[in-house]
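What follows is one structure encoded as structure tokens, with my remarks underneath.
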Amino acid sequence: MKAKYIIGALIVVAFVIWGASAFLKTTIQYVSIDTAKHADRTVQVMGKIDFDQVNYNSDESRLEFAVYDAEAADKTQAEHMKVVYYGVVPGNFDQATSVVLKGKPVGDEFVADQMLVKCPSKYQGEGGNEYQDMKKHEEAVNGAADGV
């Protein structure tokens, strides 16, 4: 009877180890730009777009641009990474404050399989730091409703 329990426990432990290793292999980490340049597997990296280096080739559906560290105070001093993305340019790409890229480096370029564009919130003011004044919003909405 003890042998059955031991064998059963070993099978359960083997499946737990197998499941954990499979899970860890499929997770995609957020990494810095420097780490993303040298990664040997698919990673996620977040950065700000350097709009001075954007180029789209519509014949090949190839978007080339550079990103730099999202937390850098000055883009000229920040580390840059050349990115290549194949596909349709997101409609709000030109308004983006930053992007999240999933991909891996190929040569001196980071080839992004997926791109998530982060845009400023519609609930922020024009400066981007303050949130919309709800009193002014309600006055505008109520004033527009009263005037109709």
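Values quoted throughout were computed directly from the atomic coordinates according to the rules given, and no laboratory measurement underlies them. Everything numeric in this text was worked out from a predicted model, so none of it was measured. All Cβ positions, even for glycine, are placed from backbone atoms using ideal geometry, and neighbour counts span all protein chains on display.
Quick rundown of the values:
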read-out	value
J(HN,Hα) series, the range 15-31, from Karplus relation 6.51 cos²θ - 1.76 cosθ + 1.60, nearest Hz, glycine and proline x	5, 5, 5, 4, x, 5, 5, 5, 5, 5, 6, 8, 6, 10, 8, 7, 10
Cross-link pairs beyond the 25 Å C-alpha cut-off, checked among K75/K118; K4/K25; K2/K25; K25/K118	K4/K25; K2/K25; K25/K118
Mean separation of Cα contacts under 8 Å, 6 or more apart, over the residue count of the range 1-102: relative contact order %	24 percent
Neighbour-count order for R41, R62, fewest beta carbons within 10 angstrom listed first	R41, R62
For K118, distant residues with modelled amide H under 5 Å away	T97, S98, V99, V100
Exposure proxy ranking, count of Cβ atoms within 10 Å, fewest first, for M81, M115	M115, M81
